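The values are calculated or read from the model by the stated rules, or taken from the named source; none is laboratory data. This structure is a prediction, so every number in the text was calculated from the model and none was measured. All Cβ positions, glycine included, derive from the backbone under ideal geometry; neighbour counts span all protein chains shown. What goes into the accessible areas is simple: the full protein's heavy atoms, side chains included, and nothing from ligands, DNA or RNA. Shrake-Rupley method; radii C 1.70, N 1.55, O 1.52, S 1.80 Å.
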Amino acid sequence: MKTVMISTVTQEEAGTTLGAGLIRNGELVAFPTETVYGLGANGLDGEAVNRIFEAKGRPNDNPLILHIARKSDLKKLWAHVPERAFPLIETFWPGPLTLIFHKSDIVPYEVTAGLETVAVRMPSDRTARALIRKAGVPIAAPSANRSGRPSPTNAQHVFADMDGLIPLILDGGDCRYGVESTVLSLVGEPTVLRPGAVTREMLETVIGPVKLAPSILKPLGEREKAASPGMKYKHYAPDAEVIVVDGSPEETAKCIVSLYYDYLEQGKTVEVLSTKQTHFRYRGLNATEIGDRVHPETLCANLFRELREIGSACDLILAEGIDTNEEGLAYMNRLLRAAGFHRIDASRENSKK
Ligand code: AMP
Ligand code: MG
């Protein structure tokens, strides 16, 4: 299959019209959103949805998110809309917040991986909304990467993973947030299943206490059931190995410099993911400044791009752990999965030397 790329910066009208036609025909279209690029299919057509799983190589017990263009479309997809959904929708939609509740009969089990609940989001990205509106159906869309790889935050990353597998990529440039949406379950007590740009703190100002799923910062225990099935799989993994070093910025940088030379001696090529606050500590080392610790959203925006680009050019990435407040939680959730939870405590490591 030939994969065509159309810029929606210069040809939004033509691109979204072509894309909507393909979606209605049961085909797949990759499109930009404010979080990451999505790989979309008609969310009411089980066969079309199955093509997403094939193209991504995604395990079929990992459910998808339905994307809508108007708030009122939610009613058709949920059995009913619970009271506490309304203030959340008013505050955060359109935007990077996915809500989960009991599904209605029109939602196929291919979307929910057999679950009785369905995840729905209304993106703020203009191209995404135009595509959904013109398709006239909710669009089921996971991130447009091959399963297990870092999510794509530009059209070139989608092309690298999906060339030959899908007919169309809409190219809208770089994604604003760079990490996937916050996933909040409204079944039972409100629980964040996956952190994102809409933080727990922001949710709590609107609906009061919100729980965090235990799997956000650690791997699932063998007998634990995944509240968010996607979280049990290896995720966001670049070609290179990743190690996360935790501690104060000073201790962390000291530990990373020492590890850097240890691995260099072993013949490995190493890159450091530094932050604005620590970059100067890595003078003479291969280091890329990924963002500002005080504004963790800047780290989120660059993480997947750096994992792909640096990750294909070295053997090992040494990355700094950061505080898990606000957007720091989304950053650490993705980074720890990219590292397969390989983390080193800086102060313990430094005291060994
Ligand atoms: P992605 O498609 O890669 O953005 O991932 C979607 C995330 O939402 C995955 O972690 C899924 O496991 C999660 N998800 C989607 N639908 C549900 C659902 N009904 N219940 C729990 N988690 C869900
Ligand atoms: Mg994904």
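Name the single residue that is farthest from the chain's Cα centre (by Cα) among those in the range 131-151 being within 16 Å of His67 (Cβ to Cβ) and of a type outside the set (Gly, Ala, Ser). Ranking the candidates gives Lys134 first.
Here Ile106 passes the criteria (1) β-branched (Val, Ile, Thr); (2) away from ligand 2 (no atom under 16 Å from the Cβ); (3) under 30 Å from Cys300 (Cβ atoms); (4) open to solvent by 20 Å² or more (accessible area, probe 1.4 Å) except the one numbered (3). Going by the structure shown, is Ile322 touching a strand residue (DSSP E or B) at 6+ places or on another chain (Cβ under 6 Å), buried (at least 19 other Cβ atoms within 10 Å of the Cβ) and modelled with pLDDT of 95 or more? So Ile322 fails the test.
Where the second residue is buried (at least 24 other Cβ atoms within 10 Å of the Cβ) and modelled with pLDDT of 95 or more and the first is basic (Lys, Arg) and lies in the range 36-51, which pairs have Cβ atoms under 7 Å and are six or more apart or on separate chains? Within 7 Å, the pairs are Arg51/Leu28; Arg51/Ala41. Annotation: Asp239 fulfils all but one of (1) in contact with a helix residue (DSSP H, G or I) (Cβ under 7 Å, 6 or more places away or on another chain); (2) within 30 Å of Val111 (Cα to Cα); (3) not in a loop (DSSP other than H, G, I, E, B); the unmet one is (3). Inspect the range 287-310 for any residue being over 18 Å from the mean Cα position of the chain (by Cα) and in contact (Cβ under 8 Å) with a residue 60 or more places away in the chain and give the result as yes or no. Yes, the range 287-310 contains at least one residue that is over 18 Å from the mean Cα position of the chain (by Cα) and in contact (Cβ under 8 Å) with a residue 60 or more places away in the chain. If you go through the range 228-253 and pick out every residue that is more than 16 Å from ligand 2 (Cβ to nearest atom) and surrounded by 21 or more Cβ atoms within 10 Å (Cβ to Cβ), you end up with 5. Considering only residues in the range 125-148 that are crowded, with 24+ Cβ neighbours inside 10 Å and within 16 Å of ligand 2 (Cβ to nearest atom), the one that is nearest to Arg194 (Cα to Cα) turns out to be Ser143. Taking the listed residues Val192, Val187, Val158, Val206, the one that is under 21 Å from Leu336 (Cβ atoms) and touching a residue at least 12 places away in the same chain (Cβ under 8 Å) is Val192, with no other qualifying.
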